[in-house]
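Every read-out reported here was derived from the displayed coordinates using simple, explicitly stated rules and does not represent laboratory data. In this text the structure is predicted, and so the values were computed from the model without any measurement. Note that each Cβ is placed from the backbone with ideal geometry, even for glycine, and that neighbours are counted across all protein chains shown.
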Amino acid sequence: MILKYGKLSHPPKPELAHDFVTVETARARTERAILDTPAYPNTYSGRGIVIPGGGAKYFPGAYVLIRMLRQFGCELPIQLWYIGEKEVSAKMRALVAPYGVECVDAEQVNEIENFRILKGWPLKAYAIFHSPFKDVLLLDADNVPTCDPTWLFDSVQFERRGAIFWPDIERTSNCAPSYTPRIWEMLGIKLPEGLPEFESAQVMIDKEKCWRALYLCKWFNEHSDFFYQWVYGDKETFNLAWRKTHTPFAMPTRPIHGIPYTLCQHDFSGTRLFQHRNSAKWRLGRNKVIPDFWYESDCVNYLRELDVLWDGTIGAVHKWRPNSQTDPQVRRVASELMLLTWIYRLVGGSERVMRFEPDGTIDQGQGLYERVWDVQYECGNFVLYISSEVAQTCRLVLAGGVWRGDWEIESRPTVNLLPR
């Protein structure tokens, strides 16, 4: 099933594909999931931070977040969660190890539980649930705190309620432009009219106090092929789970303060606490300068540090690195490639607009198999390599102003890259 919202565009595991939820069964299945909640296992302990941050797109942000947490003096254990070697390599794990970060491959954890869908947003609830910590602060990889957040665990609000969520811009309403109101009715939950939706770039949970709600939230995400049709990703699954199980939570009253490309969240006194760069994720090379983004220069310095240590790829793929390319002809061709907008056409299939960035990444027009690029001069031809995060996708040769070649994976279609 291809979802209308969210990041998932693949079916669940074949052996679990039959375990689907429908409009007709959603309420009964949800209430059965609550009844089937196992007893709290008492195997969790301590406090910790969980960061879902795998893949070349999110790892720079995770690295910045980790370095900023340690800069502020945070001594909490940190886990970086990812899905398979295709997302985090041994090199990447070694880069964060000096900062007390344990890297956790969710695919290995999932060999025991056999979670139905474990891609994209569902990883967040899964990582919270399976982390060893009793008290968990989840932070998205594109989030930057403004101080050491450890004190939140000792806040009156967390001690009393056992969960802290932060408000989103949108509010629950029967007139909302999304599908959200229908799911409340479908699950038999009274819609809290006019209250903020949840923004899940930061989530704080005491598992013991919130066990039933957390288990239900995990179950919602395990069946994201249904629920993500009615809510935008994971964020409202927390809201639905806490409301359905009547589990208390706390939420700061100050709404989001928006600055360019960023959602700023606050503590209970109204002071800025988190900065979620949801529309300008950190990347190697040039980043957007955002007015009033606190500690931006520190973040940029950590990105420069990472740029020296890591080439931005996972596995043996080509990536354009201008400082390492001395051939003036290759530099000229690469410059022309970056100046123009291109049409990336799979002959007999789809096409899309594509732009090539100076840091070796593909921004506009990127896909699962088109993340990074490189130009080389080989056997009298200029060759453009386009790769995913883990493997080479196609090798295109320049002729008459057009790059031509074939995919090297799957159905091997012919590729034409034409100036727009």
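With an 8 Å Cα cut-off and a minimum separation of 6 or more residues, compute the relative contact order for the chain in percent. Kindly include the intermediate steps, with their values, before the conclusion.
Details: 793 pairs, mean separation 62.4, N = 420.
Value for the chain: 15 percent.
Report the full-extension gain for the segment VAL156 to MET186: residue separation times 0.36 nm, less the Cα-Cα distance, to one decimal in nm. Walk me through the numbers on the way to the answer.
Details: separation 30, 0.36 × 30 = 10.80 nm, distance 3.45 nm.
This chain segment gains 7.4 nm when fully extended.
Calculate, in nm to one decimal, what ALA391 and ARG27 gain on full extension: separation in residues at 0.36 nm each, minus their alpha carbon distance. Working shown, then result.
Working: separation 364, 0.36 × 364 = 131.04 nm, distance 4.27 nm.
Between ALA391 and ARG27, full extension yields an extra 126.8 nm.
For volume of the Cα convex hull per residue in Å³, pick the label among [x] 183; [y] 158; [z] 144 that corresponds to the value derived from the coordinates.
Answer by label: [y].
Rank these for me by crowding, ARG321, ARG345, going from fewest to most other beta carbons within 10 Å. Provide the component values of the computation, followed by the final result.
Values: ARG321 15, ARG345 18.
Least to most surrounded, the residues fall as ARG321, ARG345.
Kindly state, to the nearest 0.05, the FRET efficiency for HIS257 paired with GLU305, given R0 = 30 Å and r defined as their beta-carbon distance.
0.55
LYS124: which aspartates and glutamates have alpha carbons under 12 Å from its alpha carbon, excluding same-chain residues fewer than 8 sequence positions away?
Excluding near neighbours in sequence, the set is ASP140, GLU222, ASP234.
Once label points are set 7 Å from the Cα along Cα→Cβ at both VAL289 and SER350, what is their separation, rounded to one decimal in nm?
Each label point is offset 7 Å from its Cα along the Cβ direction, giving 3.6 nm.
Calculated FRET efficiency, THR414 and TYR377, Cβ-Cβ r, R0 22 Å, to nearest 0.05?
On the way: r = 23 Å, r/R0 = 1.03.
Taking R0 as 22 Å, the efficiency between THR414 and TYR377 is 0.45.
Report, ordered by chain and residue number, the lysines lying within cross-link reach of LYS119, taken as a straight Cα distance under 25 Å and ignoring same-chain residues fewer than 8 apart.
By straight Cα distance, LYS119 reaches LYS4, LYS7, LYS13, LYS57, LYS86, LYS91, LYS134, LYS207, LYS218, LYS235, LYS244, LYS281.
Between THR341 and GLU85, what is 0.36 nm times their sequence separation minus the Cα-Cα distance? Round to one decimal in nm. Don't skip to the end; give the middle numbers.
Values: separation 256, 0.36 × 256 = 92.16 nm, distance 3.26 nm.
Full extension of this stretch gives 88.9 nm more.
Just for the stretch 14-276, what percent of DSSP beta bridges are antiparallel, to the closest 5?
Working: 21 of 35 bridges.
About 60 percent, rounded to the nearest 5.
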